[in-house]
Amino acid sequence: MTEILSKKKKKKKKNKTSVEKSVKSNFIISTESLNAYYSETQALFDINIQIPKLAVTAFIGPSGCGKSTLLRVFNRMNDYIDGFKTEGKVLVDDTDIYAKNIDTETLRKNVGMVFQKPNPFPKSIYENVAFGLKIQGINDKSFIEHRIEESLKQVALWGEVKDKMKKNAYGLSGGQQQRLCIARTLAVEPSVVLMDEPTSALDPISTGRIEELLFELRNNYSIVIVTHNMQQAARISDKTAFFWLGKIVEYNDTKKIFTNPKNKQTENYISGHFG
Amino acid sequence: MKKSSEKIIEKLLLSSALFTILTTLLIIAILLFETVKFFSEISIIDFFTDTEWTPLFDDKHFGILPLLSGTFLTSMVATLIALPVGLVIAIYLNEYSGNKFRKTIKPLLELLAAVPTVIYGFFALVIVTPFLQQFIPGLAGFSSLSAGIVMGIMIIPYVSSLSEDALFAVPKSLREASYGMGATKFQTVFKVTLPAASSGVIVAVILAISRAIGETMIVAIAAGQQPRLTLNPLVPVETITAYIVQVSLGDVPRESLEYTTIFAAGITLFIFTLILNNISFWLRNKFREKYD
Ligand SMILES: Nc1ncnc2c1ncn2[C@@H]1O[C@H](COP(=O)(O)OP(=O)(O)OP(=O)(O)O)[C@@H](O)[C@H]1O
Ligand SMILES: [Mg+2]
């Protein structure tokens, strides 16, 4: 998608050009010899990973091994951290997102993010989901309402909130808030959705619903999810990358990682024997 | 041994706290007592409806409205200056400037509130008014415009400092959500951060207004001493505080009706600032709950 390269006109309505048009490769994101540093401390070492399109890719590994760092490289959220820098290449839709002329706003419209703790805006449910469209300058009310309904249906929240769209989102339960945040991300139709432990703050029932949701979403979105829950990774992902001390030690089909890991550390980690 | 000395300290602290409370109660009691005396002679209806305030003249009128309008007008001008300037400063310092710049500029800003108000009053009278008269021909030598502008400068740090705290208290996760959606910095500030901090900003503005309403020296020097029911900022007016100063320093006999007017005026002022402070106190509690 060359759209990222040029500063996109704000008025343009998004349609899923990225997913349908780009046939250049089967990978939505790929990195080449990526190193990342927080000031002097290196957090990622020589990362070469290729994230498939229209699939769920899971990042697993012990705390502090760099999963979030890599995830936040993909939409350049680390730009806000003083002293953060990268070396190497990160391609999203075959475009180097760390190149000079990249517009991070356009990148982030294409690569959405869902955070660990639900973080709805202290606004109405309606305004939360409409936010991404409105900041793109879209004012067509019927289009916005259509997108809101569609996104909320996708996250199975529509039935629960359709009669209280004007109510503050803070009145929703934690699980509902997280689904709202996912809907907010989906409303602008990104091609990638990054999720950093999206269910770690939720109860098992809410977690289950979000997992079901991910199953549906993989038909239209490329998803990268960080999780500490091994069962979750095994259940929902197509590919799994195991991180250790800033390196990707093993990356393969989820089935293979969980049934027949090549690496001893991977095996120890997924079986729960890890120091 | 240690126990008994600690008990003495405790008693001392308690008595100083009680002393403060007692003093406050005493002030209120005296205010009320004198006010009751005043209203035993003047009808409260006249007090609030009469459009003239001339207790010191032969043709006496006791309508508080002219003093209230003077107070309102000067505070209004001050707020119109302090709100945008203070807010822009808060936004700039919190969202755009580097940490170093912020750390040097903040104490300098707070210096504005530390300048003796008599200097502000003098500044309004001899610099601001003559300067403004070059552009505004109808501007009188004393006016709520000059006094209000200078008072607005004085209360800028009240607005900026508290607004900055409110902006700072907005969780990072909300900014991240906004940036993550592809919002620019400007969009994030005005669509997410500022709305989320709005109750804190309102608190800041209310406290600044209440400071402006109670301000005495600037308006006594620069706004004039002519009680006048008007919304025209170019003419001399008199505020409640300026009136109280005028009578306190004048040669009005202590026991006279004229003298009790300052208590009636004083309690009106007191009630207004009390209401404003309570609103801000209530808002502040409400807004604290939201993120905890
Ligand atoms: N803002 C930061 N400044 C400096 N160092 C950081 C920062 N964020 C993370 N790090 C460091 O980078 C390394 C990788 O952190 P990261 O957050 O990516 O780990 P993670 O795998 O997501 O861990 P967790 O599972 O606990 O979320 C850690 O050593 C961490 O201390
Ligand atoms: Mg993490």
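Results, tabulated for the structure shown:
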| quantity | calculated |
| --- | --- |
| Sole exception among (1) within 11 Å of another protein chain (Cβ to nearest Cβ); (2) within 16 Å of ligand 2 (Cβ to nearest atom); (3) in contact with a Leu (Cβ under 9 Å, 6 or more places away or on another chain) for residue A:44, by number | (1) |
| Test result for residue A:33, free of Cβ contacts under 8 Å to residues at least 60 places away in the same chain, surrounded by fewer than 16 Cβ atoms within 10 Å (Cβ to Cβ) and near ligand 1 (Cβ under 9 Å from one of its atoms) | no |
| Residue match in region B:48-57 (condition: surrounded by 14 or more Cβ atoms within 10 Å (Cβ to Cβ) and not in a loop (DSSP other than H, G, I, E, B)) | yes |
| Test for residue A:207: is it within 16 Å of ligand 2 (Cβ to nearest atom) and either surrounded by 15 or more Cβ atoms within 10 Å (Cβ to Cβ) or of a type outside the set (Val, Ile, Thr) (or both) | no |
| Selected residue [within 30 Å of residue A:184 (Cα to Cα) and assigned by TED's automatic domain parsing to the domain that holds residue B:284] from B:184, B:117 | B:184 |
| Test set (1) within 14 Å of another protein chain (Cβ to nearest Cβ); (2) surrounded by fewer than 23 Cβ atoms within 10 Å (Cβ to Cβ); (3) assigned to a loop (DSSP other than H, G, I, E, B) - residue A:99 fails condition number | (1) |
| Test set (1) out of contact with any His (no Cβ under 9 Å at 6 or more places or on another chain); (2) closer than 30 Å to residue B:236 by Cα - residue B:90 fails condition number | (2) |
| Verdict on residue B:285 being surrounded by fewer than 19 Cβ atoms within 10 Å (Cβ to Cβ), in the same structural domain as residue B:170 (by TED's automatic domain parsing) and in contact with a Leu (Cβ under 9 Å, 6 or more places away or on another chain) | no |
| Filter result (over 30 Å from residue A:203 (Cα atoms), within 9 Å of another protein chain (Cβ to nearest Cβ) and part of a helix (DSSP H, G or I)) within region A:132-148 | A:134, A:135 |
| Search result, residues across region A:36-89 that are near ligand 1 (Cβ under 10 Å from one of its atoms) and polar (S, T, N, Q) | A:39, A:41, A:42, A:63, A:68, A:69, A:78 |
| Of all residues making up region A:62-92, the number that are away from chain B (no Cβ under 14 Å), under 17 Å from the mean Cα position of the chain (by Cα) and either among the hydroxyl-bearing types (Ser, Thr, Tyr) or within 15 Å of ligand 2 (Cβ to nearest atom) (or both) | 4 |
| Residue B:212 within 19 Å of the chain's Cα centre (by Cα), of a type outside the set (S, T, N, Q), buried (at least 19 other Cβ atoms within 10 Å of the Cβ) and within 15 Å of residue B:265 (Cβ to Cβ) | no |
| Residue, surrounded by the fewest Cβ atoms within 10 Å (Cβ to Cβ), within region A:143-159, restricted to residues that are more than 11 Å from residue A:130 (Cα to Cα) and more than 20 Å from the chain's Cα centre (by Cα) | A:159 |
| Given (1) under 30 Å from residue A:58 (Cα atoms); (2) more than 16 Å from ligand 2 (Cβ to nearest atom); (3) in contact (Cβ under 8 Å) with a residue 60 or more places away in the chain; (4) aliphatic (A, V, I, L, M), number of the condition residue A:138 does not satisfy | (1) |
| Among the candidates A:168, A:119, A:110, residue that is at the interface with chain B (Cβ under 9 Å from one of its Cβ atoms), touching a residue at least 40 places away in the same chain (Cβ under 8 Å) and farther than 25 Å from residue A:28 by Cα | A:119 |
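Residue-wise test of (1) crowded, with 21+ Cβ neighbours inside 10 Å; (2) in a loop (DSSP other than H, G, I, E, B); (3) not basic (Lys, Arg).
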{"site": "A:57", "(1), (2), (3)": "yes, no, yes"}
{"site": "A:64", "(1), (2), (3)": "no, yes, yes"}
{"site": "A:79", "(1), (2), (3)": "no, no, yes"}
{"site": "A:88", "(1), (2), (3)": "no, no, yes"}
{"site": "A:91", "(1), (2), (3)": "no, no, yes"}
{"site": "A:105", "(1), (2), (3)": "no, no, yes"}
{"site": "A:117", "(1), (2), (3)": "no, yes, no"}
{"site": "A:130", "(1), (2), (3)": "yes, no, yes"}
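Residues are listed down the side, and each one gets a yes or a no for (1) basic (Lys, Arg); (2) within 14 Å of another protein chain (Cβ to nearest Cβ); (3) in a loop (DSSP other than H, G, I, E, B); (4) over 30 Å from residue A:29 (Cα atoms):
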position	(1), (2), (3), (4)
A:150	no, no, no, no
A:180	no, yes, no, no
A:195	no, yes, no, no
A:202	no, no, yes, no
A:214	no, no, no, no
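Conditions tested, residue by residue: (1) among the aliphatic types (A, V, I, L, M); (2) out of contact with any strand residue (DSSP E or B) (no Cβ under 9 Å at 6 or more places or on another chain).
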position	(1), (2)
A:66	no, no
A:73	yes, no
A:104	no, yes
A:107	yes, no
A:111	yes, no
A:126	no, yes
A:133	yes, yes
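The values are calculated or read from the model by the stated rules, or taken from the named source; none is laboratory data. As the structure is a prediction and not an experimental result, all values here were calculated from the model. Heads up, the Cβs are rebuilt from the backbone with ideal geometry, glycines too, and the neighbour counts pull from every protein chain shown.
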